[in-house]
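The values are calculated or read from the model by the stated rules, or taken from the named source; none is laboratory data. Given the structure is predicted, the values throughout are model-derived calculations rather than measurements. Reconstructed Cβ throughout: ideal geometry from the backbone, glycine too, with neighbour counts over all protein chains shown. Just the protein is used for accessible areas: all its heavy atoms, side chains included, with ligands, DNA and RNA removed. Shrake-Rupley method; radii C 1.70, N 1.55, O 1.52, S 1.80 Å.
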Amino acid sequence: MATRGPRGDITKTSILRAADQLLAAHGRVEGISLRRVASEVGVATNALYTYFPSLDAIWHDLADER
C-alpha cells in the first residue's frame, strides 16, 4: 500500500505558480476552482490538499509572496 505524503513531482511553489498563471489569465480569483488549479499543475484535486488545506490558503500564500 502506498503511503500518503508529498509527491516528488509537485511542490508548493509549482502550485502557487499555476494559481498565479490562472489569476493572470482570468484577472480575478472568483471562478478559479481548486479543480482548475490542480488541472493546471497536472494532478488530481485531492493531491493539492497535501500542500494546502484549501483554495483560500493558496490565494493567501500567493498574496504573501507578492
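Mind listing whichever residues of segment 12-30 are without any contact (Cβ under 8 Å) to a residue 24 or more places away in the chain and either open to solvent by 70 Å² or more (accessible area, probe 1.4 Å) or assigned to a helix (DSSP H, G or I) (or both)?
T13, R17, A18, Q21, L22, A24, A25, H26, R28, E30
Which count do you get for residues in segment 34-60 that are touching a residue at least 40 places away in the same chain (Cβ under 8 Å) and within 15 Å of L22 (Cα to Cα)?
Count: 2.
Restricting to segment 50-66, count the residues that are open to solvent by 40 Å² or more (accessible area, probe 1.4 Å) and closer than 12 Å to I10 by Cα.
So the count comes out to 1.
In this structure, is V29 at pLDDT 95 or above and β-branched (V, I, T)? Spell out how you get there, then give the answer.
Working: at pLDDT 95 or above: no; β-branched (V, I, T): yes.
So V29 does not fit the description; no.
Of all residues in segment 31-44, which are open to solvent by less than 40 Å² (accessible area, probe 1.4 Å) and farther than 12 Å from S14 by Cβ?
I32, L34
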